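Some notes on the structure that comes next.
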Amino acid sequence: MIGISSVIVLLIIVVTVGSFYFYHVAIARASKDFLNESPDLQSSPEVEQSKDTSKADQEWWDAQSFDRWEMDADDGIQLKAYYLAAPEHSDKTVIIAHGYAGNATQMSGYARMYYERLGYNILLPDARGHGESDGNYIGFGWPERKDYLKWIENVLKANGEDTQIILHGVSMGGLP
């Protein structure tokens with residue numbers, strides 16, 4: 001007969017092993033191949049950009065001379081971003097936040113729209129644990145909320161206190 005203490009120990013082991021598994025799959029900085037393997041996790045056709053547009057946006061991105069911005073988050077993690085001043089002087093800046101397991105370069109379509117059509121300065125940070133920013137885990141918006149406040153401070157320092165700022169986020173990037 002199994003005692004209650006044996007059941008509790010077994011339950012603790014199962015929960016611990018499961019926790020480590022899900023941490024490494026979803027939260028730890030690593031390739032998220034499971035996103036491509038499940039049809040339920042694919043974007044709908046209405047949301048997907050055409051391949052021509054994506055290629056054009058990538059070519060636009062590659063042709064730009066981005067300034068590289070860096071800052072230390074409150075917890076010491078070094079964060080990195082791409083900044084591009086508007087083609088003509090502007091008091092408007094957009095900060096574009098990518099989604100889960102993404103990076104700033106994947107936001108080239110939005111960056112191009114704000115830059116070419118609307119004449120905005122653009123800042124595209126790589127969130128902690130993504131792209132070129134440091135960090136070993138994905139915060140799902142919670143620690144990133146403070147990071148974006150610091151990015152806003154940096155924009156205000158660079159472009160002046162009268163700067164108008166728009167935050168544009170996609171998926172998890174829309175959470176901060």
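Things worth noting here:
- Test: residue in region 39-62 that is part of a strand (DSSP E or B) and modelled with pLDDT of 65 or more: no
- Those residues of region 58-75 which are in contact with an Asp or Glu (Cβ under 9 Å, 6 or more places away or on another chain) and either loosely packed, with under 11 Cβ neighbours inside 10 Å or more than 20 Å from VAL155 (Cα to Cα) (or both), in sequence order: TRP60, ARG68, ASP74
- Considering only residues in region 84-100 that are buried (at least 17 other Cβ atoms within 10 Å of the Cβ) and in contact (Cβ under 8 Å) with a residue 40 or more places away in the chain, the one that is farthest from ILE152 (Cα to Cα) turns out to be TYR100.
- When the criteria are applied in full, GLY109 meets the requirement of being assigned to a helix (DSSP H, G or I), open to solvent by 10 Å² or more (accessible area, probe 1.4 Å) and over 19 Å from ASP74 (Cβ atoms).
- Single residue of region 128-176 satisfying the filter (part of a loop (DSSP other than H, G, I, E, B), under 18 Å from ALA104 (Cβ atoms) and of a type in the set (D, E, K, R)) that is least open to solvent (accessible area, probe 1.4 Å): ARG128
- When TYR120 is tested against (1) over 18 Å from the mean Cα position of the chain (by Cα); (2) farther than 22 Å from GLU59 by Cα, exactly one condition is not met: (2).
- Filter result for GLU116 (part of a helix (DSSP H, G or I), surrounded by fewer than 20 Cβ atoms within 10 Å (Cβ to Cβ) and at pLDDT 95 or above): yes
The values are calculated or read from the model by the stated rules, or taken from the named source; none is laboratory data. Just so you know, these numbers come straight off a predicted model, no measurement behind them. Note that we place each Cβ from the backbone using ideal geometry, even for glycine, and neighbour counts take in every protein chain shown. Heads up: the accessible areas ignore ligands, DNA and RNA and are worked out on the full protein's heavy atoms, side chains in. Shrake-Rupley method; radii C 1.70, N 1.55, O 1.52, S 1.80 Å.
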